[in-house]
Amino acid sequence: MTTGDKAKALVFYHEAYNYIVSAGLNPEIEYTRQLSFDDTGDDHFLMEYAFVVISSGMKNQVAQRIFSRFNKALDPSVIGHLGKRQAIVRAIKEHREWLAQLRVAPDKLAYLETLPWIGPITKYHLARNIGLDFVKPDRHLVRVAKAFGYPDPHIMCGELSKEVGERIGVVDVILWRYCNLKGTKDLEDYT
């Protein structure tokens with residue numbers, strides 16, 4: 001049963017997709033298409049965990065700069081927020097065990113939420129970034145879902161993924177990146 005205006009959401013999705021591709025960001029889409037949890041190794045898990053923790057509550061462009069400094073030397077001291085820094089220090093020591101436990105967890109989202117600094121929204125971000133097919137319900141995706149009459153981004157991206165033949169996480173990345181770059185003001189043009 002359709003709960004939102006799928007036709008208008010599809011038009012918006014296709015505009016977002018075309019914009020992302022024309023902006024030269026197709027590698028980001030391809031990367032997300034290829035993500036597989038089965039292929040996630042210890043180092044990938046650690047880096048994605050660190051990125052999600054660093055980016056929690058901040059603009060992507062700022063988080064990218066901080067993460068880049070961290071990634072160069074795996075030096076948590078470049079992270080100014082004490083709680084985030086402590087979580088990442090712990091992850092450096094324990095990430096292999098965390099990933100092993102995640103692999104056997106019957107409810108992977110619930111397990112992710114037990115990790116330091118991972119909460120009810122960031123568990124979806126981390127899940128998507130390690131190849132589990134979920135939507136990160138951040139402020140952009142929540143606005144898009146609401147604009148098209150969907151109760152939440154999970155339902156919207158699920159419907160769109162079936163229509164366009166993409167993984168849910170790919171639909172998420174396309175819509176999120178578009179809104180991250182262009183904002184959400186032009187949503188009014190579609191509703």
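Where helices (runs of 4 or more DSSP H) fall entirely within the stretch 1-75, those with at least 1 residues that are of a type in the set (S, T, N, Q) and closer than 18 Å to ALA127 by Cα are at 26-34, 42-55, 60-73.
Screening PRO76 with (1) at pLDDT below 95; (2) out of contact with any Lys or Arg (no Cβ under 9 Å at 6 or more places or on another chain) gives one miss only, at (2). Residue pairs whose Cβ atoms lie under 6 Å apart, separated by 6 or more positions or on different chains, with the first residue in the stretch 71-94 and assigned by TED's automatic domain parsing to the domain that holds PHE45 and of a type in the set (A, V, I, L, M) and the second loosely packed, with under 15 Cβ neighbours inside 10 Å and modelled with pLDDT under 95, are VAL78/ARG69. Scanning the stretch 83-133 for residues that are assigned to a helix (DSSP H, G or I) and in contact with a Gly (Cβ under 7 Å, 6 or more places away or on another chain) returns a single hit, ARG128. Once the stretch 11-41 is narrowed to residues that are farther than 23 Å from LYS162 by Cβ and of a type outside the set (D, E, K, R), the residue that is surrounded by the most Cβ atoms within 10 Å (Cβ to Cβ) is THR40.
The set of residues in the stretch 134-155 that are touching a Leu at 6+ places or on another chain (Cβ under 8 Å), buried (at least 19 other Cβ atoms within 10 Å of the Cβ) and not in a loop (DSSP other than H, G, I, E, B) comprises HIS140, LEU141, VAL144, ALA147, PRO153.
The values are calculated or read from the model by the stated rules, or taken from the named source; none is laboratory data. Values in this document were obtained by computation on a predicted structure and should not be read as measured data. Every residue, glycine as well, gets a Cβ built from its backbone with ideal geometry; the counts of neighbours run over all protein chains shown.
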